[in-house]
Structure formats: structure tokens, C-alpha cells
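Chemist: Supplied in C-alpha cells, the structure appears directly below.
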Amino acid sequence: MSKNKNILAIGICFLLFFMIAFVTNFAGSMGVIVKEQFGATNALSQLGTLANFIAYLCMGIPAGLILKRKGYKFTALLAAAVGFVGVGIQFASGYAESFLVYVIGAFVAGFSMCLLNIVVNPMLNTLGGGGNKGNQLVQFGGSLNSVGGTLAPILLGYLIGGNAAQATVADAAPALIIAMSIFVAAFLILAFSPIPEPHMETAEEKALRKSGKAKDPHGPMSFRHFVLGAIAIFFYVGVEVGIPNTANLYITAKSGATIAGWLVGAYWFLMMIGRFVGGVVGGKVSPKTMLTSVCTVLICFICAIIFIPQNITIEFRGAVIPFAMIFVPLCGLCTSVMWGAIFNLSTEGLGKYTALASGIFMTLVCGGGILPFIQGLVGDATNLIISYIVPLCGVAYMLFYALIGSKNVNKDIPVE
């Protein structure tokens, strides 16, 4: 397939990258509305995010198998259809005024996000021809992912304005309609676009699998550095989501939803900047050095959030907020490059086991729902500022992984 014929498919991948963050971060930002409309605690306000990410736990490995057996196009079409249904259920929850319906919608949308994550990274790499060009396309996709993450909280803050106490899920309807429309457009364009399928299961592989002869005594879990890296991914996604979600709750209570939306939007915007920079320096700085550096700086930023007195304030967009909250957007610079660095270190030397490893990685993305939920529980038991000790512990583990756990000690296992 020529490069020109790939342009439309590449554009769709970029659109899907945008949707992954937009829908995921919208679920996190909706915690503010859920807390007020349904009288939820800080922990329960994160239940939508938890449901969204628990779907990864259920769907990660099956999604990898679907991709292998059915191919990119089928999996992407399935993801778009499921995403439309999930967001549609969330849309309906606003009029049904049902917290349960909202959580079910977030869970269904999570299946779509998992499928999309399984598809877009290898698809973009394939469409780019692999190598530097493939990696460049993935980096651009990651940047658009951050754009979606930036716009979601800003849009929600605009929709409910300074009236967070009276806001309902129905107030977010315009954004949900936009999301459903994008899923429909993506489905239709994908349906009529030629997509290369270099990694789909061949007839020979299918016959071997059905005969039961395709057995291997080893797998990704045979590698210590991969196992520890998968745990690091669990903590990473929880840290990435927990930092802005908790700040959203805290700032909304202090200064209103609009200010909170801008502050959280700034976090995702700086993540986008960090990914651009990471793409530029990635060829010169090792993943180990990159991960070690950002973890060290992030620990300092989170400590600043916890320990700087909240009565020290500054003015932000006409509102007074605690000075410590300025470090929330700065955290986005650090979290921006962690996924790529951890993925690179974890899959180094896996060879033929890399594909299955990607499915396991998607399963551990459930940390993006579990850790913020735990952080909410800590916030209910103490306060939201002290709850930042949860992501602090997660970053400490990632620093351990960068320094010690990332070494491949299983080089004796054949990977070809």
C-alpha cells in the first residue's frame, strides 16, 4: 500500500488517539458532577473512572487476541461501535438521573478505550513503515491524545461554569454528543478505508492453534523485568489520572469548576508539551535515564503539593487558589514520558513475546481507576491534600523500577 493511500487511515488513528484521552479524562472530570448530583463521597466520585479502567482488566488480554485473530480494521470498528454505546449510556444517565446507569456507561466506554489502545499504537507504527517514521507517528498520536485530555476538563468546566453545586450529568450532554458523533464518523471512515493487516493470524497459525500444538513453555511473565514493568505501568496510569482528578475535586470546592477545569486542562496541556520534547530527545537519552529523572522531579513536585501550607495562595485567572496547586500542572511534564519509557524498558529483549506483552500491559492499565479510587478513600479518611501520598508511593516504585527492576536478568530464554 502506498504512503498516500495511508494518509486517511493515519488521520483516523490520530482521531482515535484523541478520543482515548477525551473520553477517559471526561469520565474523571465528571467526578465533580457525580459528587454533587448523587451526593457521592470523594471515593465514589471516582467510581466512573474506576469502572472505565476496570474494563481494561477484563478486556486487555482478550483485546490482544481479537487483534491477532481478526486484525486491525475489525478491532477498530468494534472499538468505535462499543465507544458509541458506552458514551450513549452515560448520556442517558443524565436524563435517567441514575448513578448506576452512569457507572455502567463508563464501564462500557472503558472496553472501547482498551480496544483502541490495543489498535492505534501498532497500527500507526505499521502505517508508518516501522522504524523512525513509525515511532514518529506514534509520538504525534500521543500528542493528540494529550490534546483530547486537555480539552475534556476545560469543556466540562465551561459547561457547568461556577454552578458546580447544581450541575447534573445532563449539563455535560453537548460534550457527550460530540464524542458520540466522532465515534460514528470514525466507524464510517474506517469501514471504507483499506487497512494493512501484517500481523493478523495466518491460516497456518490458526490451524496450529486449533490443533493444540502451539505451546511454549515461556511467555512474557517469564521475564522479571517485564513483570516488574507491568506493575510499574499499573502505578503509572494511577498516578497520571489521580493527580489531576483529585486536584479537580479540591479546586472545584475551593474556587469553582471553571477554575478547576483550566488548572486540570493545563496539566494535560503540559503533558502534550512533554511528549513533544520527549520525542525530540528520545533518540539521545536512554529510557532508564529519562524515567529516573522525571520520577525524581515528580517526587519533589508531589511533596510540594502535600507540604506547602494551603493558606499560601496566589491568583489564577481571577480566582484565589493555594500556591501548592501550581505544581499540579507541572506534574504533567513528568508523567508525559513515563509510559513510553516504562514500555520500552519492560519489552526490551522480549522478541516474539512482545505482542502478548502488550495485551498484559493493557490489563494493568486498570491502575488508572484503582489508584484514584484508593486516593479518594484516603481523602475521605483524612483530606484531599494528604491523599497525594498515594501517587507519591506509586512514583517511588517507578523510581525503583528505573534504577533496579528494569534490568533483564532472563537473557537465557530464547525469544526468536
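The values are calculated or read from the model by the stated rules, or taken from the named source; none is laboratory data. These numbers come from a predicted model, not from an experiment. A quick note on method: Cβ atoms are made from the backbone with ideal geometry, for glycine too, and the neighbour counts reach across all protein chains shown. Heads up: the accessible areas ignore ligands, DNA and RNA and are worked out on the full protein's heavy atoms, side chains in. Shrake-Rupley method; radii C 1.70, N 1.55, O 1.52, S 1.80 Å.
Chemist: Sorting check: for 220-232, 51-63, which peptide has the highest mean count of neighbouring beta carbons within 10 Å, and how do the rest follow?
Modeler: 51-63, 220-232
Chemist: If one computes the Cα centroid of region 343-384 and of region 270-329, what distance in Å separates the two points?
Modeler: Each part reduced to its Cα centre gives a spacing of 20 Å.
Chemist: ³J(HN,Hα) across region 378-395 via Karplus (A = 6.51, B = -1.76, C = 1.60, θ = phi - 60°), whole Hz, x for Gly/Pro?
Modeler: With the stated coefficients, region 378-395 comes to 5, x, 5, 6, 10, 7, 5, 5, 4, 4, 5, 5, 5, x, 4, 5, x, 5 Hz.
Chemist: Also: Does region 261-416 come out rounded, prolate or oblate by the C-alpha gyration tensor, with a ≥ b ≥ c the root eigenvalues, rounded set by a/c under 1.5 and, if not, prolate when a/b is larger than b/c and oblate if not? Working shown, then result.
Modeler: Details: a/c = 2.38, a/b = 1.84, b/c = 1.29.
Judged from the Cα gyration tensor, region 261-416 comes out prolate (a/c at least 1.5, a/b above b/c).
Chemist: Just how much of GLU315 is accessible, in Å², when a 1.4 Å probe is used and the result is rounded to the nearest 10?
Modeler: Taking all protein chains as shown, GLU315 has close to 140 Å².
Chemist: Each residue of region 287-293 in order: what ³J(HN,Hα) in whole Hz does its phi give by Karplus 6.51 cos²θ - 1.76 cosθ + 1.60, θ = phi - 60°, with x for Gly and Pro?
Modeler: Each residue's phi maps through the Karplus curve to give x, 5, 5, 4, 5, 4, 5 Hz.
Chemist: If you rank PHE327, PHE74, PHE343 by how much accessible surface each has, with a 1.4 Å probe, what is the order from largest down? Walk me through the numbers on the way to the answer.
Modeler: On the way: PHE327 40, PHE74 100, PHE343 60 Å².
In descending accessible area the options line up as PHE74, PHE343, PHE327.
Chemist: Now, a different point. Have a look at region 234-320 and give its Rg and Dmax from the Cα atoms, expressed in angstrom.
Modeler: Reported Rg and Dmax, both Å: 15.1, 43.
Chemist: Stretch PHE323-ALA253 to full length: gain in nm at 0.36 nm per residue minus the Cα-Cα span? Display every interim value, and only then the final one.
Modeler: On the way: separation 70, 0.36 × 70 = 25.20 nm, distance 1.55 nm.
Taking PHE323 through ALA253 to full extension adds about 23.6 nm, to one decimal.
Chemist: First compute the accessible area of region 262-416 with a 1.4 Å probe, then give the percent of it belonging to carbon and sulfur atoms.
Modeler: Details: 4750 of 6660 Å².
Summing carbon and sulfur atoms, their accessible area is 71 percent of the total for region 262-416.
Chemist: Further, regarding this structure: Quick check: residue separation of ALA96 and ILE273 times 0.36 nm, minus the Cα distance between them. What number comes out in nm?
Modeler: Values: separation 177, 0.36 × 177 = 63.72 nm, distance 3.93 nm.
Stretched fully, the ALA96-ILE273 segment lengthens by 59.8 nm.
Chemist: Under the Karplus relation 6.51 cos²θ - 1.76 cosθ + 1.60, θ = phi - 60°, what is the ordered set of whole-Hz ³J(HN,Hα) values for region 94-100, x standing for Gly and Pro?
Modeler: Result, rounded to whole Hz: x, 8, 7, 6, 10, 5, 4.
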